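Step one of this worksheet: look at the structure below.
The values are calculated or read from the model by the stated rules, or taken from the named source; none is laboratory data. Every value quoted in this text rests on a predicted model; they were computed, and no experiment measured them. Cβ: placed from backbone, ideal geometry, glycine included. Neighbour counts: every protein chain shown. To get the accessible areas, we keep the full protein, side chains included, count just its heavy atoms, and leave off ligands, DNA and RNA. Shrake-Rupley method; radii C 1.70, N 1.55, O 1.52, S 1.80 Å.
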Protein chains: 2
Amino acid sequence: MNIMPASPGCLAGIRVLDLTQFEAGTSCTEALAWMGADIAKVENPKGGEAGRTGFGDAYYFMMYNANKRSITVNLKSDRGLALVKEMVKKADIFAENFAPGAVERLGLGYDVVSAINPAIIYAQVKGFGDGSPYEKGLAFDPIAQAAGGAMSITGERDGRPIKPGPTIGDTGTGMLLAFSIVSALFDRTRSGKGRRLQVAMQDSVMHYSRGMFITQARTGAAAPRRRPSDNPPGGIYPCKPGGPNDYVYLLTSRANPEHWPRLLKLIGREDLISDKRYETPDARLQHEGDVDEIVSNWTRQHTKHEAMAQLSAVGVPVGAVLDSMELTNEPSFRERGILQTMKHGERTMTMPTWPVRFDGVPTEVRPAPLLGQHTSEVLGDWLGLDADAVAGLRRDGIV
Amino acid sequence: MNIMPASPGCLAGIRVLDLTQFEAGTSCTEALAWMGADIAKVENPKGGEAGRTGFGDAYYFMMYNANKRSITVNLKSDRGLALVKEMVKKADIFAENFAPGAVERLGLGYDVVSAINPAIIYAQVKGFGDGSPYEKGLAFDPIAQAAGGAMSITGERDGRPIKPGPTIGDTGTGMLLAFSIVSALFDRTRSGKGRRLQVAMQDSVMHYSRGMFITQARTGAAAPRRRPSDNPPGGIYPCKPGGPNDYVYLLTSRANPEHWPRLLKLIGREDLISDKRYETPDARLQHEGDVDEIVSNWTRQHTKHEAMAQLSAVGVPVGAVLDSMELTNEPSFRERGILQTMKHGERTMTMPTWPVRFDGVPTEVRPAPLLGQHTSEVLGDWLGLDADAVAGLRRDGIV
């Protein structure tokens with residue numbers, strides 16, 4: 001059964017003055033857009049924000065700017081800056097993630113903006129926090145993942161550190177800021193107060209990586225890249241036919257002693273159920289290599305899909321390692337509205353929507369805007385400018 | 001300058017009936033707690049939630065249950081269940097992440113809870129979405145990371161898939177749900193309506209990994225584990241003295257042609273600045289091995305801290321690979337209030353707080369509760385029960 005996606009509408013009527021670029025900031029305002037907020041993405045008339053033009057095609061921009069409106073304004077002109085300051089008066093939220101110091105140089109620093117609109121929620125992403133030795137440093141997702149601990153805990157047991165593929169430094173940061181913005185917005189319904197929010201990408205990566213501090217508290221040493229399973233079998237096992245992603249991740253839990261015998265029954269090794277070498281978690285830990293071999297001998301004879309279906313059916317926690325194409329081709333994601341296809345000019349891209357369903361309904365993906373697509377519309381809605389006024393601004397190179 | 005941490009107070013007065021366990025659910029309600037919500041964590045009197053007891057010590061529980069209150073209730077008893085239903089009447093938010101079907105078997109499914117309190121926001125974490133072939137499957141963080149695509153894009157270029165260390169399946173999911181909850185709460189100030197929110201860990205992992213769909217749109221093929229840099233140098237480089245985490249991640253951007261000559265000047269290789277082999281991004285891509293060697297020859301002679309400081313100072317984006325101990329020992333995290341030390345019974349653990357600062361102030365970490373520490377307090381605050389009434393419940397084994 002296909003479900004028709006829709007906006008949950010939670011933030012309908014909320015106006016966001018969006019000066020974000022690339023991913024950390026744009027993913028934050030995109031989350032607000034998916035909740036129904038009105039995002040006015042302010043872009044420079046010469047090509048738009050850096051992420052729109054920096055990667056040779058539109059896909060990157062499309063991914064992080066769904067459901068927004070685009071308005072071009074020349075912020076280097078006095079009239080352009082004045083126009084945006086008029087928009088500040090009407091905005092509930094201001095968001096930016098320029099390099100350190102840049103928003104102040106533009107003339108839209110916190111002091112200026114909050115003086116114009118004291119009830120505004122002013123939200124900023126930085127690479128490193130104020131007070132960090134690197135507070136002036138440039139950050140991109142992998143830089144934050146290195147400096148925030150994520151790489152130190154990712155990799156093979158004796159290999160070098162590896163960058164996690166998910167963009168924890170970028171989208172991860174954007175999610176923490178989006179939650180904080182909406183919390184401040186809720187509070188403002190009672191207090192009327194604006195707030196200043198700042199988050200550093202390095203600190204955000206530490207948040208998602210904080211399991212490392214648990215390990216460190218236990219052992220007194222830095223968390224390693226990959227611990228031995230505390231309850232073998234547990235980890236990644238090779239499957240048929242041996243392609244780069246033909247693996248399953250399976251685990252057995254100390255909290256549930258049934259997982260191991262369930263697994264043995266499934267793979268036809270009931271003979272090992274009361275074998276002393278494998279009977280307890282500690283015994284299996286002593287024979288971890290053997291245990292992995294017993295499991296691999298079975299997984300190698302099955303595809304990851306077969307292995308996942310069969311292990312899952314007997315109640316062993318398991319996941320096939322799925323790649324982007326396999327996820328795209330799995331029909332249930334489209335049926336459930338979790339994957340949707342965006343059109344943007346001539347291009348289309350299949351992408352995930354907001355994953356939380358509201359009352360069973362997935363969130364609708366609407367196209368990322370073309371550059372300046374909504375300049376007239378936004379200036380009309382926000383400031384009441386008519387077509388002639390906008391035409392004048394356009395003629396003078398202001399928008 | 002040390003800053004005194006405090007709660008931003010955004011959700012003060014909001015009551016959360018918290019039936020979460022392990023990490024995906026608990027990290028969600030912990031985020032609400034950090035914003036000042038009153039979290040009543042309902043635990044079974046025999047040992048508490050699974051994450052409190054399942055790992056041999058308290059550190060795991062401490063990490064994900066800061067700033068909450070704990071109340072024990074025997075949900076298997078009729079009077080215990082009735083007590084929790086009384087709490088449903090007073091709650092703004094209900095949260096759970098039991099295995100599929102378990103909350104319904106407890107008698108606290110959506111239909112029951114929303115009938116008692118139609119304005120409640122009912123929030124659930126599942127492993128796989130309703131309608132997925134694996135909707136009944138068990139999920140833990142690494143299972144979701146496998147099935148949600150994260151492992152397929154993490155690892156060495158020709159190596160096997162690697163599990164990212166950060167808990168994207170758990171804390172990552174919790175953050176998306178927390179944002180959705182607060183969005184629904186904001187909307188409720190206007191509509192008065194409750195909502196039913198559901199998120200699957202597999203779908204959440206796809207959200208953080210969605211960069212893979214950009215690559216796929218470009219190439220028509222599944223996103224690979226590690227792409228060559230599109231603008232060498234870019235990646236992880238070895239540093240002195242060669243320990244497991246002695247690396248820096250540095251990158252040069254196509255959008256900024258100055259990064260490469262800045263780097264060459266710093267490392268004393270001005271001679272290469274107009275060398276045709278390295279002058280353009282495309283030329284460097286053709287000589288990627290040489291370029292990496294030029295950079296490594298310099299990084300190997302410096303510690304990662306020296307390399308980061310020097311590269312950062314000349315405006316090249318860089319991050320040292322820092323591990324949990326190095327982050328703990330870097331004083332600015334404590335001075336900025338980003339790392340704080342929690343006391344819990346006899347134990348202490350240094351851990352990150354909520355990374356977003358509100359008006360320059362970091363969020364205060366208060367101790368995760370001992371089992372049932374706040375039973376009397378919560379029953380007094382929420383239901384007006386006096387000490388005698390609570391003593392009676394305790395005598396009868398209900399709380």
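Using a Cα-Cα cut-off of under 26 Å, which lysines could be cross-linked to A:K276, ignoring same-chain neighbours fewer than 8 residues away?
A:K265
For region B:122-133, just list the computed ³J(HN,Hα) in residue order, Karplus coefficients 6.51, -1.76 and 1.60, θ = phi - 60°, integers in Hz, with x standing in for Gly and Pro.
Values, residue by residue: 9, 10, 10, 9, 10, x, 10, x, 4, x, 6, x Hz.
Can you find, among A:G384, A:G372, A:S312, the residue farthest towards the positive end of the dipole of region A:302-399? Put +1 on the C-beta of Lys and Arg, -1 on that of Asp and Glu.
Projecting each Cα onto the dipole axis, the largest value belongs to A:S312.
At 222 nm, what helix-only mean residue ellipticity would chain B give, in deg cm²/dmol to the nearest 500, using -39500 (n - 2.57) for each DSSP H run of four or more?
-10500 deg cm²/dmol
Please report the net charge: other residues with Cβ closer than 12 Å to the Cβ of A:P362, K and R +1, D and E -1.
Summing Lys and Arg as +1 and Asp and Glu as -1 gives -2.
In debye, nearest 20, what is the charge dipole magnitude of region B:293-384 about its Cα centre with +1 on Lys and Arg Cβ and -1 on Asp and Glu Cβ, if you could check?
80
Measure nothing but the geometry: give the 0 to 90° angle between the long axis through the Cα atoms of B:173-191 and the longest principal axis through the Cα atoms of chain B, rounded to 10°.
Approximately 60 degrees, to the nearest 10.
Could you go through region A:63-71 in sequence order and give the Karplus-derived ³J(HN,Hα) for each residue, using 6.51 cos²θ - 1.76 cosθ + 1.60 with θ = phi - 60°, rounded to whole Hz, and x for Gly and Pro?
4, 9, 9, 4, 6, 9, 10, 10, 10
So who's got an amide H within less than 5 Å of the one on B:Y134, skipping anything under 5 residues away but keeping other chains? H placed 1.01 Å off N, in plane.
Close amide H contacts, sequence-distant or interchain: none at all.
When only DSSP loop residues count, what GluC sites (Glu not before Pro) in region B:245-315 have their Cβ near at most 13 other Cβ atoms within 10 Å?
Qualifying residues, ordered by number: B:E258.
Placing unit charges on C-beta atoms (Lys and Arg positive, Asp and Glu negative, everything else neutral), compute the dipole magnitude of region A:1-66 about its Cα centre in debye, rounded to 20.
Dipole about the Cα centre, nearest 20: 100 debye.
Only Cα pairs under 8 Å and at least 6 apart count here; give the relative contact order of region B:330-399 as a rounded whole percent.
Relative contact order for region B:330-399 comes out at 20 percent.
For a protection proxy built on the mean count of beta-carbon atoms within 10 angstrom, sort A:118-124, B:219-225 highest first, please.
A:118-124, B:219-225
Which trypsin sites (Lys or Arg not before Pro) in region B:39-135 pass both tests, a DSSP loop state and at most 15 other beta-carbon atoms within 10 Å?
B:K46, B:K76
Cut-off under 21 Å on the C-alpha distance; same-chain residues fewer than 8 positions from B:K68 excluded. Which lysines are left, in chain and number order?
Reachable lysines: B:K41, B:K46, B:K85, B:K89, B:K90, B:K343.
Report the B-A buried area as the accessible area lost on both sides summed, probe 1.4 Å, in Å² to the nearest 100.
That pair of chains buries around 11200 Å² in total.
Going by amide H atoms built from the backbone, whose H comes under 5 Å of the H on A:A200, apart from near neighbours?
A:K126
Need one word for region B:234-325: rounded, prolate or oblate. Basis is the Cα gyration tensor (sqrt eigenvalues a ≥ b ≥ c); a/c below 1.5 gives rounded, then a/b vs b/c decides.
It is prolate, given that a/c is not under 1.5 and a/b is the larger ratio.
Share of chain B's accessible area from carbon and sulfur, percent, 1.4 Å?
Roughly 50 percent, rounded to a whole number.
Anyone know which of B:G107, B:G149, B:G56 comes out most mobile in the 10 Å Cα GNM of chain B?
B:G56
Nearest 20 debye, what's the magnitude of the dipole of chain B about its Cα centre given +1 on Lys and Arg Cβ and -1 on Asp and Glu Cβ?
Here the size comes out at about 560 debye.
Explain nothing, just compute: Karplus ³J(HN,Hα) = 6.51 cos²θ - 1.76 cosθ + 1.60, θ = phi - 60°, for every residue of region B:40-46 in order, whole Hz, x for Gly and Pro.
9, 7, 8, 10, 6, x, 8
Any idea what angle helix B:78-90 forms with the longest principal axis of chain B, computed on alpha-carbon atoms, 0 to 90 degrees, nearest 10?
Result, in degrees: 70.
Once you've got the GNM for chain B with C-alpha springs shorter than 10 Å, pick whichever of B:I116, B:I168, B:I338 has the biggest mean-square fluctuation.
The residue with the greatest mean-square fluctuation here is B:I116.
What relative contact order, as a whole-number percentage, does chain A give when Cα pairs under 8 Å and 6 or more residues apart are counted?
Computed value for chain A: 21 percent relative contact order.
Could you please report the charge total around A:S152, scoring K, R as +1 and D, E as -1 over all other residues with beta-carbon less than 15 angstrom from its beta-carbon?
Result for the local shell: +3.
Treating each Cα of chain B as an identical point scatterer and ignoring solvent, apply the Debye formula and state log10 I(q)/I(0) at q = 0.07, 0.11 Å⁻¹.
The computed values of log10 I(q)/I(0) come out as -0.43, -0.92.
Cα axis of helix A:288-299 to longest principal axis of chain A: angle in degrees, 0 to 90, nearest 10?
80
At 1.4 Å probe radius, can you tell me the per residue accessible area of the protein assembly as shown in Å²?
Averaged over the residues of the protein assembly as shown, the accessible area is 36 Å².
Once you've got the GNM for chain B with C-alpha springs shorter than 10 Å, pick whichever of B:A12, B:A58, B:A309 has the biggest mean-square fluctuation.
Result for chain B, Cα springs under 10 Å: B:A309 fluctuates most.
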